[in-house]
2 protein chains.
Amino acid sequence: MELDKLVHQPTRLQIFTHLYANGETTFSALASALDLTEGNLASHIERMEDADCVTVEKTFVDRKPRTTYELTDRGEALFESHIESLESLIDRIDSDDGSA
Amino acid sequence: MELDKLVHQPTRLQIFTHLYANGETTFSALASALDLTEGNLASHIERMEDADCVTVEKTFVDRKPRTTYELTDRGEALFESHIESLESLIDRIDSDDGSA
């Protein structure tokens, strides 16, 4: 079974999960929800953006800059297939009852 | 959420899963079941042994050397808690219905 390293990396898996579960999210909300430093979050988001998995929108709210992120269709599809791989891995454990 | 890198690494996650589901397994059976080169499998097993997660037994069968691997109690416990983390991550997706 091939586990996509872009999605499977521990921090990115949580970024994908948060964006998939919550939709459009600001940089600061994402950083605080996942307890990440800004530098760490920025580097993973850049990797995801390069892979066309997330879109970045920069707007102004009350004249303050606001950056939000959202998974692209490709990002959602990659994440969904990764979750299916993890679920099939977990099912193998339950079905084989590894405690023998 | 902290995802244990020892267990979460894609190849090791599949080694942990296979050993957890099937119990004691020979090196060659593990390499072929997971489609791994001997060098790749050996390096991951060494990492798991260093972390006291797998025991290695060397015996002779019909005068031929046979090496088998089995998760230690610590290895099983680490793997079970990792699977719980993955399951809680997956539950968050289902409960929040990320398709909004």
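Derivation of every value follows stated rules applied to the coordinates shown; laboratory data play no part. All of these numbers come straight from a predicted model, not from anything done at the bench. Cβ sites come from the backbone with ideal geometry, for glycine too, and all protein chains shown count toward neighbours.
Each label point was placed 7 Å from the Cα along the Cα-to-Cβ direction; for A:Ser32 and A:Ser85 their separation is 3.4 nm.
What average number of partner chain Cβ atoms lie no more than 10 Å from the Cβ of the residues making up A:7-14?
4
If only the Cβ of Lys and Arg carry +1 and only the Cβ of Asp and Glu carry -1, the dipole of the stretch A:5-91 around its Cα centre is close to 420 debye. Taken one residue at a time, the phi angles of the stretch A:29-36 give Karplus couplings (6.51, -1.76, 1.60, θ = phi - 60°) of 5, 5, 4, 6, 4, 9, 6, 10 Hz. Gly and Pro are set to x.
Per-residue 3J(HN,Hα) values for the stretch A:3-13, derived from phi via the Karplus relation 6.51 cos²θ - 1.76 cosθ + 1.60 with θ = phi - 60°, read 9, 4, 4, 4, 8, 6, 3, x, 6, 5, 4 Hz in sequence order (x marks Gly and Pro).
Couplings for the stretch A:83-93, taken from phi via the Karplus curve 6.51 cos²θ - 1.76 cosθ + 1.60 with θ = phi - 60°, read 5, 4, 4, 5, 5, 6, 5, 5, 4, 4, 6 Hz in order; Gly and Pro are left as x.
In chain A, Cα pairs under 8 Å separated by at least six residues give a relative contact order of 30 percent.
Using Cβ contacts closer than 10 Å as the measure, can you line up A:Arg74, B:Arg63 from fewest to most?
The order, fewest Cβ neighbours first, is B:Arg63, A:Arg74.
Shape verdict for the protein assembly as shown, please, from the Cα gyration tensor: rounded (a/c under 1.5), prolate (a/b greater than b/c) or oblate. Prolate shape, in that a/c is at least 1.5 and a/b is the bigger ratio. For chain B, the longest piece that avoids every one of the GluC sites (Glu not before Pro) found in DSSP loops with at most 16 other C-beta atoms within 10 Å covers B:25-100.
Provide the net charge surrounding A:His82, with neighbours chosen by a C-beta distance below 14 Å and charges set as Lys +1, Arg +1, Asp -1, Glu -1.
After counting each charged neighbour, the total is -3.
Scanning residues 5 or more positions from A:Arg66 or on other chains, those with amide H under 5 Å from its amide H are A:Thr59, A:Phe60, A:Val61, with H placed 1.01 Å from N in the peptide plane. Applying 1/(1 + (r/R0)^6) with R0 = 41 Å to the Cβ-Cβ distance of A:Thr68 and B:Arg63 gives a FRET efficiency near 0.05.
Calculate how steeply helix A:38-50 sits against the longest principal axis of the alpha-carbon atoms of chain A, using the helix alpha-carbon long axis, and give the answer as 0 to 90 degrees to the nearest 10. Long axis of A:38-50 versus the principal axis of chain A: about 70 degrees. Its Cα centre serving as origin, the protein assembly as shown has a Cβ charge dipole (Lys and Arg +1, Asp and Glu -1) of approximately 740 debye. Taking the Cα atoms of the stretch B:9-88, the ratio Rg/Rh between the radius of gyration and the Kirkwood radius comes to 0.98.
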